[in-house]
1. Restricting to the range 800-834, count the residues that are surrounded by fewer than 22 Cβ atoms within 10 Å (Cβ to Cβ), part of a helix (DSSP H, G or I) and within 35 Å of the chain's Cα centre (by Cα).
2. Residues of the range 911-946 being in a helix (DSSP H, G or I), under 22 Å from Asp983 (Cβ atoms) and modelled with pLDDT under 90, which ones?
3. Only one residue in Ala139, Ala79, Ala62 is among the hydrophobic types (A, V, I, L, M, F, W, C), out of contact with any Gly (no Cβ under 7 Å at 6 or more places or on another chain) and at pLDDT 80 or above, so which one is that?
4. In the range 661-715, which helices (runs of 4 or more DSSP H) lie fully inside it and hold 1 or more residues that are touching a residue at least 60 places away in the same chain (Cβ under 8 Å) and within 27 Å of Lys794 (Cα to Cα)?
5. Name the residue that is farthest from Thr405 (Cα to Cα), counting only residues in the range 343-388 that are of a type in the set (Val, Ile, Thr) and without any contact (Cβ under 8 Å) to a residue 60 or more places away in the chain.
6. Which condition from (1) buried (at least 20 other Cβ atoms within 10 Å of the Cβ); (2) without any contact (Cβ under 8 Å) to a residue 60 or more places away in the chain is the one that Ala937 breaks?
7. Within the group Leu763, Leu769, which residue is surrounded by 20 or more Cβ atoms within 10 Å (Cβ to Cβ), among the hydrophobic types (A, V, I, L, M, F, W, C), in contact with a Pro (Cβ under 9 Å, 6 or more places away or on another chain) and in a helix (DSSP H, G or I)?
8. Restricting to the range 899-910, name every residue that is in contact with a Leu (Cβ under 6 Å, 6 or more places away or on another chain) and either part of a loop (DSSP other than H, G, I, E, B) or among the aromatic types (Phe, Trp, Tyr) (or both).
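The values are calculated or read from the model by the stated rules, or taken from the named source; none is laboratory data. None of the values given here were measured: they were computed from a predicted structure. Virtual Cβ from ideal backbone geometry, glycine too; neighbours counted across all protein chains shown.
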Amino acid sequence: MRKNIRLAYLALALGAVTANAQQTQRYTNEFTEFKHAVNLYNEEQYLAAQLLFQKVKTSQQALNTEIEADCAYYIANCAIRLNQSNAEQKIDDFVSKYPTSAKQHQAYLDVTDYYFNKGDYRKALHYATKIKKPSYVGALNEDKFNFQKGYSFFYVKNVKEAKRALRQVRPGNEWGDQAAYYLGYMAYDSNNVEDAEKLFEMVGDKSKYQDRIGYYRADMNFKSGNFEKAISEGLAQIEKTEEESEKSELQKMVGESFFNVGQFEKALPYLVEYKGKEGKWSNTDYYQLGYTYYKQKDYEKAIEQFNKIISGNDPVAQNAYYHLGESYLHTHKKTQALNAFKNASEMSFNKDIQEDAFLNYAKLSYEIGNAFESAPSVLNSFMLKYPNSPHKEEIEGLLIDSYITSKNYKDALNILENSHSKGNAEVYQKVLLYRGLELFSNSDYTQALELFSRASSEDQDFKVTAKALYWKAESMFALDKFNQAIDAYDDFKNSQGASSVEEFKNVDYNIGYTYFKIKEYQSAISFFNSFVSQSSIDATRKYDAYLRIGDCNFVLGKYWPAMDAYNVVIDANQQDIEYAKFQKAISYGFVDRTQKKVDDLLAFVKDHPLSTLADKAQYELGVGYDVLNQKEKALQAYDKLILDFPSSIFKSRAMLRQGLIYYSQGKADIALSKFKQVVSSAPNTPEAVEAVQNARLVYVDKGQVDQYAAWVKGLDFISVSESELDSDTFESAERQFIQNNKQEAIKGYESYLKNYPNGQKALQAHYYLAQMYLEQKNEDKAVAHYENLLKFGKSEYSELALVRTSEIYLKRKDQAKSIEKLLQLDKEAVQEQNKIFALSNLMKVYYNQKEYSKALANAEKVLQKGALDARVSSDAKLIIARTAFATANEDKARTAYQDVLKQAKGEVAAEAMYYDAYFKNKDAKYEASNEVVQKLAKDYSSYKYYGAKGLLLMAKNFYALNDSYQATYILESVVKNFGDYADVKAEALQELNLIKQEEAKHNSSIAN
């Protein structure tokens, strides 16, 4: 019941002190100065009077003790009225020094009366307590004194002593009436209704008390639960009172009484008129008005009142939040309802309300998603807390379905693995599959493989089993377990549900690629042909399959079938058309159509001068002319290669072939010059070794063997006398490698490099060792050999070495080394996918280092590449979005995040969706922003960080929509549930404090 204490002080009609200066007849004529001083005192000329009294007192000290005492009395009283610092001491000195004075008993009484009339009740009480027996002053003055003492105790809130003094005042006079009134008020204030009624009855017919007592009686009836009487007395009192604050209190009293008897329609106008205490309402006030609107089905106005109750934790708040949740449901605001029901379910004041609120919270979590915890977790918690609920079967059904719809597969898997319900086996298989797909998309192929294997063994749903087998094979392929992948693809094709799942149409393409990887080209051709024979297949895969058919035939020496396959890609003008054109041109060279090869290569270098294959095409053009015996054109072709592509790996080969042409033309000196250029520009390469061997022939022809010997002695990568031993040592290791005896091969190659660190085959040895150590996951040794390989300069192995070292340094988060290798790879790579690899990783590393301009430049380069993998494209767009936002270019960030959202999955999609909500908030589209946040909570609940940031955004949206409750509840939940994210928690606390400070201005229940 509402407690309403109101204290109104009555004006006290207390008379002024009249000096009772009695003098005996014998002093009338003799002490005129004394009389003059008394007159000055009575005229309130206290300083003049005090000076004159001091003069008289001094002159009378040896003559008349009574006059002396009277002077001391007046001097002390003047000091009191002049507020002199030693005034109290003067009064105390008078009382102790003149015990026989007629004024001795009156001294403290006069001072008490003086301060009481001034309204200084603390000082009045100080002097009143010095008086032990006031009876000497007469009955009426004794009543006055006891009232003054009692009221002063009442003023300082010493109720016990106030009652003691006021009860000594006799009834039937002015002081008795006032004492009865205040005793009645104290009884009323302590809820002693019976005594209050008796005391108020004693003065109830006095006009100056009637209005005030009417208010108290209405309030006492209200507090006693006599609501009908409180209504009648309150209504009567409203008509009489003119004081606005009292009228406001009476309207609240009447309105609340109507509320308590269930007459909500009558309660409404009075509750609305309430002005609050000092302009503030309490949570109870908001609840009563909100519930009144709720009972009349005015849910919008009910919400308006209920949502002003923030941070409540009592029975009133629990009721308010429950009915707030119902009001939100009636107005189709399910997100808001979820929060209100969650809040009510966390309080146990009313167990029935708590259970029903939890039920609604669980259902809404399933229906619209939940950013605080996963829907399965909420539903499971409800079942654990209320195992005998009549809604158990309904909730179990929702729980099973929520594992899939929430997409929170990680948490769902944990819950299912701890569940002993056999009815969840089918769902369990699905969750294993979907969690595996999440891990696969994050490149965690080992963990994904383990989940796909488990899912395929569950065998509950034949379609799910088929999908699990397919992705099991895909994981093996990603882990380079190609033979096992083939077996897994076969298991998929032979499974019952294979033909009914989407993945089936791509399986032959994937098997073809797997055979391609293990160099079983004829089998690869068979499966690629099977794939392209299908209708309605993906165009990108279709033409890529034709390229691989061409490549397999090319490797097998079936050049005409290879050219047929390349022609399909060329005619379709699809991606990789440059590669198809180049391979077709090369193929003509192997079927004795060299002129056609030359013609096609001429067209190629003209049409595609910036192609990554342009240098190789230029080199092959020179080879073609050489085969056609058009030596000058061959030399010109090689010169153009050397000039246009100075860093090409074909440069040394071109110079070597030029040397051979010149040698065949009898131009020995020019030939020797070319061979030496090869040796100086590309030492330690197979071309350099061949150049040395050819140079030897020139020197021998010229009879300059000594000069040859002197020249060779200066080369550190070849030893003429040990060349055969060099070759034999390498061949021994290579034989072990071919026989797949990896450990013996490693020993052999290491021995070779130890004996011949700059040997003819040092390049190959480093390459093979690096590859084998990488297979054994010995990254340190692999890196060392890759780095040694790269020291030899550009070679056929250098591109792959750069890819592998980049991968290792990226994995180790060695950003400096990663950037070094990736930049080199971008510069030197021939294969387009390796350039894309370099650029896409450079953009990420630069972004992590906050070098946003470099990150942006590389991301834009990635998007300029054709035929991008969807994930690479998405990553590039994401980096553009992030760098734009980090550099405060929000317009660009907005557009970029919209692009990301179109194709993103997983955490990236969660991030893009958050920024969609963020920009809607910036545009003041608060409801639309909240809709996006809710979708984020439903579809991406496992990505907690963006869920937390989304909730923070939602709180800001609600406050902008004047829903203080939603805003504060969400912020409090963020602080409570997302402590792992310090930045989000700090911002939530800041926002929460600002809102509470603002709301405390009109809500007395909020601590300010």
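1. 10
2. Quick first cut of the range 911-946, residues in a helix (DSSP H, G or I) only: 911-922, 926-939, 944-946.
In the following step, the residues that additionally are under 22 Å from Asp983 (Cβ atoms) were identified as 911-922, 929-930, 932-933, 936-937, 944-946.
Within the range 911-946, Leu936, Ala937, Lys944 qualify.
3. Working: Ala139 fails: at pLDDT 80 or above; Ala62 fails: at pLDDT 80 or above.
Being among the hydrophobic types (A, V, I, L, M, F, W, C), out of contact with any Gly (no Cβ under 7 Å at 6 or more places or on another chain) and at pLDDT 80 or above holds for just one of Ala139, Ala79, Ala62, which is Ala79.
4. On the way: elements: 668-681, 686-702, 705-713.
Qualifying helices (runs of 4 or more DSSP H): 686-702.
5. Within the range 343-388, the first condition is being of a type in the set (Val, Ile, Thr), and the residues that meet it are 353, 368, 378.
Remaining after also requiring without any contact (Cβ under 8 Å) to a residue 60 or more places away in the chain: 353, 378.
Details: Ile353: 28, Val378: 14 Å.
Top of the filtered list is Ile353.
6. (2)
7. Working: Leu769 fails: in contact with a Pro (Cβ under 9 Å, 6 or more places away or on another chain).
Exactly one residue qualifies, and that residue is Leu763.
8. Across the range 899-910, there are no qualifying residues.
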